[in-house]
Amino acid sequence: MDFLNIYILSRNDLSIKHHAQCFNYEIRIDYLTNEKSRFSFPSGITADEDDFLVAKLSGSDFKIGTSDGFRPLYFGVIESIEGTQINTCDLYNLVNFDIVATKKTGNNFGGHLQNLLNFYLGRPDKLISNLYITVQSSAVQPFSYMPENPPISINFVEYLINGFKNIHVKWCVDRISY
């Protein structure tokens with residue numbers, strides 16, 4: 001198994017808090033169940049819960065901290081730290097909050113999702129605006145969201161999972177830049 005270059009980024013400003021190589025890891029990505037990934041290190045890591053863990057395979061063209069940015073193999077949110085093991089949630093933990101939803105129809109759910117992510121995560125007044133998030137879809141799909149008594153409050157993760165199940169779109173961190 002190849003080792004991973006791991007970078008811990010501060011949730012507050014995306015500054016690099018720690019860099020290490022990881023030889024013992026298990027990356028689990030499931031858009032519906034949000035399974036946890038595990039990274040074990042031979043010694044302690046400087047990290048806090050809710051910081052970001054970024055992984056890139058060893059030997060790949062990897063430049064962190066450059067204006068061009070980089071595309072990670074894995075991007076997760078640290079959920080817990082147990083000794084020298086870090087457990088992370090997938091990217092979806094970033095949108096685990098309620099949004100106001102109303103009736104909405106359109107011709108492209110992927111475009112709609114990209115607009116929502118840009119609005120909630122990519123605005124210039126958000127520190128997370130250095131993350132470039134891309135929506136991936138196999139085809140342009142029309143959509144219709146019709147709550148009974150709009151507007152309603154809905155968890156953004158639940159809204160996204162409904163889109164994953166019904167329209168087969170997903171999203172990922174395309175690159176991180178400084």
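What the table below lists for this structure:
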| item | result |
| --- | --- |
| Residue count, the stretch 96-113 (criterion: assigned to a strand (DSSP E or B) and of a type in the set (A, V, I, L, M, F, W, C)) | 3 |
| Single unsatisfied condition, E82 versus (1) without any contact (Cβ under 8 Å) to a residue 12 or more places away in the chain; (2) assigned by TED's automatic domain parsing to the domain that holds Y120 | (2) |
| Within the stretch 145-177, tally of residues that are over 17 Å from the mean Cα position of the chain (by Cα) and either assigned by TED's automatic domain parsing to the domain that holds T33 or hydroxyl-bearing (S, T, Y) (or both) | 2 |
| Hey, F39 touching a Phe, Trp or Tyr at 6+ places or on another chain (Cβ under 9 Å), surrounded by 14 or more Cβ atoms within 10 Å (Cβ to Cβ), closer than 27 Å to Y159 by Cα and modelled with pLDDT of 90 or more or not | no |
| Conditions (1) under 18 Å from P150 (Cβ atoms); (2) modelled with pLDDT under 70; number of the one not met by G106 | (2) |
| Selected residue (only one of D61, D68, D30, D51 is of a type outside the set (A, V, I, L, M, F, W, C), within 30 Å of K165 (Cα to Cα) and modelled with pLDDT under 90) | D30 |
| Filter result (surrounded by 15 or more Cβ atoms within 10 Å (Cβ to Cβ), among the polar types (S, T, N, Q) and under 19 Å from I133 (Cα atoms)) within the stretch 67-116 | T88, N93, N108, Q114 |
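The values are calculated or read from the model by the stated rules, or taken from the named source; none is laboratory data. Please read these numbers as outputs of a predicted model, since none were measured by experiment. Every residue, glycine among them, receives a Cβ derived from its backbone with ideal geometry; neighbour counts consider all protein chains shown.
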